[in-house]
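Chemist: Below is a structure I'd like to ask you about.
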Amino acid sequence: MLLIFSRKILEALLTLGLATSILFILIRLAPGDPVAIMIGQSSDVASSNTERYEQKLLELRSEFGLNQTIFQQYFIWMKQLILFDLGDSIHTGRSVMTEIADRLPATILLSVAALFIQIVLGILLGVLSALKFGRFFDHLTRFLCVLFASTPGFVIGLVLLSTFAVTFSTYEINTEAKLSRLWLPALTLGMIGAPQWIRTIRANMLTEFGQPYISSAVSRGLKYRRIVEHAFKNTLLPIVTMTGLSLTTLISGAVVIESIFSWPGIGKYALDSILLKDYPVIQGYALLMIALVIVIHLVIEIVYSFIDPRIHRKGEENVKKDY
Amino acid sequence: MKRFGIILAIFMVVVIVGCSVSSSKDNTNDDKKENTNATDDQQEEKSEQQELIIADQEIAASLDPVEPLTSSYLRNIGAAEALFKVNAKGEVEPSLAESAEEINDTTWEINLRTEASFWSGEAIDADAVIASLERSKSLDLQAEPFLNELSFTKVDDYTIQVETEHAKQPVPLNLSYYQTVIHNADKSYEDIDSMDLSGMYKVTSFSPAQKMELELNENYWGETPSIPKIVHEQISDAQTRALSVLSGSSDIAIKVPVTSLTQFAESDEAETISAPPANTQTIYLNLDQPQFENEKVRQALSWGLNREELVELGAEGQSTPVTTWLASNPTYEEAKNAVYPEYDPDKAEALLDEAGWGKDAEGTRSKDGETLTVKLMTWGDDQALGETIQNQWTQIGVQVEVQHGDYNLIQTARESGEWDASIEAWSTFGDEHALLTGQFSPDGSGNYGGYNDEQTNQLLDDLAEITDPQARRELALQINERVAEQAPVISLYPRPQLTAVSTKLNGFEAHFRQFEHTVHAGLSFGTE
């Protein structure tokens, strides 16, 4: 067991190192100079004296270490990381760690709420759709799944925002991350992600219904509810995977919805920083997201090994074989 | 299945609680929601509204007015003031200064208000004003065009003298820009407790990239506003800003999209106000590209644009066509149609023929085996504009490719020289010499295309020397027309600026520089 986890952690660190290195280089290859964006944006009058401007650009590039080679910059960043320092934002001058810490709770709150909605809708409609296979409810559910899966998230968000904020006056548009403002972005994200859940659970349930143990249970006269429960338990494994993957997608991919609902989360912060080419923030955000994906995947594997011991045993055998 | 039922019930409870909590907001917002069915009682409640909520694309990036993206926002929400201000007609008026007098061609004397003080209560005297302007000059790059050629000396406690490097520099105009806001240079701008400005409202809380709250400055020298509190919120999505005013969540939304006009037309809650801004949507041509070497080609491109249609399709009709660059300045309205007075595709085609770009059977123009092509780069909200231009130029035989993307792509293309044309809108309000030099002199930062015309350069030099206002104006118009005739750039229309305002707010003033003139003491809630 210890061997498996040691190997997993080693793999995770390697992935983290490689992914952040690639991102570090890619960010710098993208067009745009963060310093030029910072000092040039507020001007609405063209000037004829550009000498001081050029001088200021050089000064600031030097101040932020952008005049050094990519490798030197990477080395400095790595040194900072060892001290748990993500550097300071070029745009605001504030610590990236502080800015992320300020915003991450809002994103996690939104993601967890959205995940909850996705799971509830997915299980409820997925199971019911499988039970009513081929009937009107099944067709309707499948139609709605296609509709929501094919409609862009921002369209659903704006329609819901317009309906609840303008038509029914039951939603307040501001920039606060409070519970009274959570339900609508969470519902939007939930509706966007639910079709995938519904279809997977429906398909898994239908597969289970075709298994011999179900026929056997039916022939033994087991109650209908008990049969459904047995079938459902066997669909749990993919649900664990989907939960982890959905949470990752929600935390890292809620950018558009956070922007539309003006939810002060990390996605909106990252989006703004990408537009401003704020390297330290983009790097910090990317590092966090990659770490999050790795941790969630690790957790999934651990949960897997508990739910299905066969996976755990097979893993151990493989490790022994390697050594 | 019972468990699913329980989970569903919990979910429904969460949604219902969410809705109900959302509905039971503080009194201020309740007032706003109830406004949907306006009655006399509700009008009474609205008049008691305590805060003005402004939804903006961005809020101040910091608390220090010399930092980028800060002073314009602080000024816009009534926190900061400059010595002078520009009214909606484009006239310069005293603000924190009491008066200004031109002593001679290079000297001005500015009298300060003895009753004015900073938020802290410290006097805004000559020493404080000079220290503030010197701090802006040394730390704020954006203040350079306005302060660099000025030097300040104290005459007495409330009088300063300004010496200019050149004759007839417009000192009050220069000191009206947001980059010159007066702040207490002795204070730190690290936090809200130490910052010290002079506006009618002072900052009480600041969450970067989210929200800034302000309350009345009790030491304010001028008229006391009737609204006690201002909330400036950063709502980046333009459509959401529009919805925030339509829903009553905010009272003013700055820069709402032209695509939301229909929603406002059907609403009793809010209206849109569009003041023509002093900037010109301009196509900058890269004169290093061989197809633009010939002046006739550039002129043909300008004649071949139906600007009325561009305004209709590119700006939803929320602007007016201009054919010269300076024409969007409210004081130069006569330059609107000075050159290219009408859409004339026939003339455009004739000019292209004269330039040797012949049309083939398919309607495409080419010369020496080269097809006449333009790669037009657009960004922001200009995609529809770019596509309309593409359609119009295609009709005169020019093949156009529109590349819409991030502004950084345009900057990178300019740095590499691999670009044909791009669209941008610079401000046209200010000192004529500074504006025209910035755009059309060889070292102007807005001269992207590398325009370098000997006669224009000479005229720009002459403009710097002329002191008589009328002669100066005439020469500025002459330069403006000459540039339009040579067409290194093609002027289209002022970029629309649309502000959504709640119908219960009184006293909102449309301004051609709306982004820094939203809050003033005359704003109030309720029936007039």
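The rows are residues; the columns are (1) away from chain A (no Cβ under 11 Å); (2) surrounded by fewer than 20 Cβ atoms within 10 Å (Cβ to Cβ); (3) in contact with a Cys (Cβ under 9 Å, 6 or more places away or on another chain); (4) basic (K, R).
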site: B:N184; (1), (2), (3), (4): yes, no, no, no
site: B:M200; (1), (2), (3), (4): yes, no, no, no
site: B:T204; (1), (2), (3), (4): yes, yes, no, no
site: B:R241; (1), (2), (3), (4): no, no, no, yes
site: B:S260; (1), (2), (3), (4): no, no, no, no
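Chemist: Please tell me if B:P208 is farther than 30 Å from B:N506 by Cβ and not polar (S, T, N, Q).
Modeler: yes
Chemist: I'd like to check something: does the range B:147-155 contain any residue that is touching a residue at least 24 places away in the same chain (Cβ under 8 Å) and among the aromatic types (F, W, Y)?
Modeler: Scanning the range B:147-155, I find no residue that is touching a residue at least 24 places away in the same chain (Cβ under 8 Å) and among the aromatic types (F, W, Y), so the answer is no.
Chemist: Take residues that are touching a residue at least 40 places away in the same chain (Cβ under 8 Å) and tell me which of the strands (runs of 3 or more DSSP E) falling wholly in the range B:333-420 contain 2 or more.
Modeler: Ranges flagged: B:373-378.
Chemist: Still on this model: Only one of (1) more than 10 Å from every other protein chain (Cβ to nearest Cβ); (2) closer than 19 Å to B:E67 by Cα; (3) basic (K, R) is not met by B:K255, so which one is it?
Modeler: Among (1) more than 10 Å from every other protein chain (Cβ to nearest Cβ); (2) closer than 19 Å to B:E67 by Cα; (3) basic (K, R), the lone unmet condition for B:K255 is (2).
Chemist: Please specify each residue of the range B:433-459 satisfying the condition of being buried (at least 21 other Cβ atoms within 10 Å of the Cβ), within 12 Å of chain A (Cβ to nearest Cβ) and not hydroxyl-bearing (S, T, Y).
Modeler: Those that are buried (at least 21 other Cβ atoms within 10 Å of the Cβ), within 12 Å of chain A (Cβ to nearest Cβ) and not hydroxyl-bearing (S, T, Y): B:H433, B:A434, B:L435, B:L436, B:G438, B:Q439, B:F440, B:G444, B:G446, B:N447.
Chemist: Right, B:Q291: touching an Asp or Glu at 6+ places or on another chain (Cβ under 8 Å), closer than 23 Å to B:H404 by Cα, in the same structural domain as B:L372 (by the TED database) and assigned to a helix (DSSP H, G or I) or not?
Modeler: Here the answer is yes, as B:Q291 does meet what is asked.
Chemist: If you don't mind, there's one more thing I want to ask. Condition check: in a helix (DSSP H, G or I), open to solvent by 60 Å² or more (accessible area, probe 1.4 Å) and within 12 Å of chain B (Cβ to nearest Cβ). Does A:F75 satisfy that?
Modeler: So A:F75 fails the test.
Chemist: Now for a separate question. Which of the helices (runs of 4 or more DSSP H) found entirely inside the range A:82-177 contain at least 1 residues meeting this: within 13 Å of chain B (Cβ to nearest Cβ) and buried (at least 20 other Cβ atoms within 10 Å of the Cβ)?
Modeler: Result: A:96-131, A:153-161.
For (1) among the charged types (D, E, K, R); (2) farther than 13 Å from B:L173 by Cα; (3) crowded, with 21+ Cβ neighbours inside 10 Å, each residue gets a yes or a no:
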site	(1), (2), (3)
B:F84	no, no, yes
B:G90	no, no, no
B:L96	no, yes, yes
B:I103	no, yes, no
B:T106	no, yes, no
B:L112	no, yes, yes
B:D125	yes, yes, no
B:L133	no, yes, yes
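Chemist: Kindly provide the set of residues from the range B:64-77 that are more than 17 Å from the chain's Cα centre (by Cα) and at pLDDT 95 or above, ordered by number.
Modeler: Selection gives B:D64, B:P65.
Chemist: Which helices (runs of 4 or more DSSP H) sit wholly inside the range A:201-263 and have at least 3 residues that are closer than 17 Å to A:A113 by Cβ?
Modeler: The helices (runs of 4 or more DSSP H) meeting that bar are A:236-253, A:255-260.
Chemist: Can you name every residue in the range B:402-423 that is open to solvent by 20 Å² or more (accessible area, probe 1.4 Å), in contact with a Ser or Thr (Cβ under 9 Å, 6 or more places away or on another chain) and within 11 Å of another protein chain (Cβ to nearest Cβ)?
Modeler: Within the range B:402-423, B:G405, B:R414 qualify.
Chemist: Right, next: Identify, please: which residue in the range A:6-40 is farther than 21 Å from A:G87 by Cβ and within 11 Å of chain B (Cβ to nearest Cβ) and is, among those, modelled with the lowest pLDDT?
Modeler: A:G40
Chemist: Report the residue count in the range A:196-213 for those that are open to solvent by less than 90 Å² (accessible area, probe 1.4 Å) and over 21 Å from A:F137 (Cβ atoms).
Modeler: Matching residues across the range A:196-213 total 2.
Chemist: Follow-up. Output the residue which, of all residues in the range B:424-474 that are in contact with a Pro (Cβ under 9 Å, 6 or more places away or on another chain) and among the aliphatic types (A, V, I, L, M), is nearest to B:R495 (Cα to Cα).
Modeler: B:A425
Chemist: Give the residues of the range B:474-487 that are open to solvent by 20 Å² or more (accessible area, probe 1.4 Å), under 26 Å from the mean Cα position of the chain (by Cα) and in contact (Cβ under 8 Å) with a residue 60 or more places away in the chain, sorted by residue number.
Modeler: B:L477, B:E481
The values are calculated or read from the model by the stated rules, or taken from the named source; none is laboratory data. Keep in mind the model is a prediction, meaning the values are calculated, not measured. Virtual Cβ from ideal backbone geometry, glycine too; neighbours counted across all protein chains shown. Note: accessible area is taken over every heavy atom of the protein model, side chains too, but ligands, DNA and RNA are not part of it. Shrake-Rupley method; radii C 1.70, N 1.55, O 1.52, S 1.80 Å.
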